[in-house]
Amino acid sequence: MTPAATTPPRPDTVVLDLDGTLVDSVYVHVGCWRAAFRDVGVDVASHRLHRAIGMGGDRLVAAVTNDGVERSVGDDVRARHAHHLDARFGEVVVLEGAGDLLTALREAGVEIVLASSGERELTDRLLDLVPGTGAIRSTLSGDEASSSKPAPDLLSLSLERAGADRAFAVGDTVWDAEAARGAGVPFVGVLTGGVTEAELRAAGAVAVVDGPHELATRLDEVLSTVADAVAAGAEDG
């Protein structure tokens, strides 16, 4: 007799990104980085900056220019980016469905951990825009990890603190996907950072949704997809 198929256990923990995942901030960041570079006499095209959003600020300057620019003005550019972001902070808004997603995850019994590449002060300011953050179990910021995204350090630390057994990550960039792969967890992509579905899937996403609203409404389906991906990976291993 053929044994009955068993349903893979669903995830118990999610690690959520913040910028571009819960709040609509990606293009504000692009404008602020562009202004910061111009302040020091360096012109970087917006499309290049957009492709780098999501990696740590300590990596971004060299990634969009070169190591020489990083050595000479990197710290200045980062400080100016923070200044411009502070001036334009009012342009950042919560993404549709962000609060609903937190509620849906909590009701599904999924522990919520938030891991943002930004510094703690900025992370807290952005979270103030999001309703329902009482559902978040713990919050980690970029200054708590030894290496920034796309390194997996921030995600790995988040999972360690949460004591997660079956976790997945949600984010809007290929850097989030790379960090999730390095941390050994499945990745679900959202399109609200302006990265295409094809790019997110090529980077390893097991599912892609339009944004937090769609993820909230399709949560059961996505959790099952993540569980199946984990089970398939275990069999391949």
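The values are calculated or read from the model by the stated rules, or taken from the named source; none is laboratory data. Here the structure is a predicted model, which is why all the values come from computation and not from measurement. Here the Cβ is made from the backbone with ideal geometry for all residues, glycine too, and neighbour counts use every protein chain on show.
I'd like to know if segment 54-63 contains one or more residues that are crowded, with 20+ Cβ neighbours inside 10 Å and without any contact (Cβ under 8 Å) to a residue 24 or more places away in the chain.
The answer is yes; a qualifying residue exists.
Just name the residue that is farthest from G118 (Cα to Cα) out of those in segment 141-165 that are touching a Lys or Arg at 6+ places or on another chain (Cβ under 7 Å) and not polar (S, T, N, Q). It would help to see each step written out before you state the result.
The initial filter retains those residues of segment 141-165 that are touching a Lys or Arg at 6+ places or on another chain (Cβ under 7 Å), namely 141, 143, 148, 162.
Still in the list and also not polar (S, T, N, Q): 143, 162.
Details: D143: 7, A162: 20 Å.
Applying the filter and picking the extreme gives A162.
Does D100 qualify as being touching a residue at least 24 places away in the same chain (Cβ under 8 Å), within 26 Å of R137 (Cα to Cα), touching a Leu at 6+ places or on another chain (Cβ under 8 Å) and assigned by TED's automatic domain parsing to the domain that holds P186?
Numbers: touching a residue at least 24 places away in the same chain (Cβ under 8 Å): yes; within 26 Å of R137 (Cα to Cα): yes; touching a Leu at 6+ places or on another chain (Cβ under 8 Å): no; assigned by TED's automatic domain parsing to the domain that holds P186: yes.
Criteria not met by D100.
When D39 is evaluated against the numbered criteria (1) out of contact with any Lys or Arg (no Cβ under 6 Å at 6 or more places or on another chain); (2) surrounded by 15 or more Cβ atoms within 10 Å (Cβ to Cβ), which criterion, by number, is the only one it fails?
In the conditions (1) out of contact with any Lys or Arg (no Cβ under 6 Å at 6 or more places or on another chain); (2) surrounded by 15 or more Cβ atoms within 10 Å (Cβ to Cβ), D39 misses (1) alone.
With R137, R106 as the choices, which residue is without any contact (Cβ under 8 Å) to a residue 40 or more places away in the chain, farther than 23 Å from A52 by Cα and assigned to a strand (DSSP E or B)?
It is R137.
Specify the residue that is surrounded by the most Cβ atoms within 10 Å (Cβ to Cβ); the eligible residues are those in segment 175-197 that are in contact with a Leu (Cβ under 7 Å, 6 or more places away or on another chain) and in a helix (DSSP H, G or I).
A179
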